[in-house]
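Read through the structure below, which is laid out as structure tokens, and then see the notes.
The values are calculated or read from the model by the stated rules, or taken from the named source; none is laboratory data. Fair warning: this is a prediction, and the values are worked out from it, not measured in the lab. Don't worry about glycine lacking a Cβ; one is built from the backbone with ideal geometry, like all the others, and counts go over all protein chains shown. Side chains included, ligands, DNA and RNA excluded: accessible areas come from the protein's heavy atoms. Shrake-Rupley method; radii C 1.70, N 1.55, O 1.52, S 1.80 Å.
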Amino acid sequence: MMTTRPSSNESRDEIHKVFITFDSQRTGYIALKDLRKVAKELGELHDDNELLEMVERADFDQDGLVSEDEFYNLLTKKAY
């Protein structure tokens with residue numbers, strides 16, 4: 001789900017649109033519950049351990065949440 005890389009033509013605005021799909025409560029972060037909700041809506045069968053691993057992979061500051069900057073960096077390979 002969160003591992004699809006944008007093409008070089010995708011802009012920050014396009015990535016923002018994807019981010020707000022996950023951040024439906026407009027908190028500015030993607031939490032495990034947000035990822036769980038989107039996975040369910042997409043019919044993706046992931047257990048919480050898999051979803052938590054996705055959050056942890058993107059959560060560079062290790063606060064348990066994925067900020068929009070972290071999401072952008074993950075999708076554009078700007079931080080690892």
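General remarks:
- Per this entry, residue 61 is counted among residues that are open to solvent by 80 Å² or more (accessible area, probe 1.4 Å) and of a type outside the set (S, T, N, Q).
- Given (1) of a type outside the set (Lys, Arg); (2) at pLDDT 90 or above; (3) under 12 Å from residue 71 (Cα atoms); (4) crowded, with 16+ Cβ neighbours inside 10 Å, index of the condition residue 32 fails: (3)
- Restricting attention to region 25-80, the residues being in contact with a Leu (Cβ under 8 Å, 6 or more places away or on another chain), assigned to a helix (DSSP H, G or I) and under 19 Å from residue 14 (Cβ atoms) number 1.
- So residue 37, is it touching a helix residue (DSSP H, G or I) at 6+ places or on another chain (Cβ under 9 Å) and either basic (Lys, Arg) or open to solvent by less than 90 Å² (accessible area, probe 1.4 Å) (or both): yes
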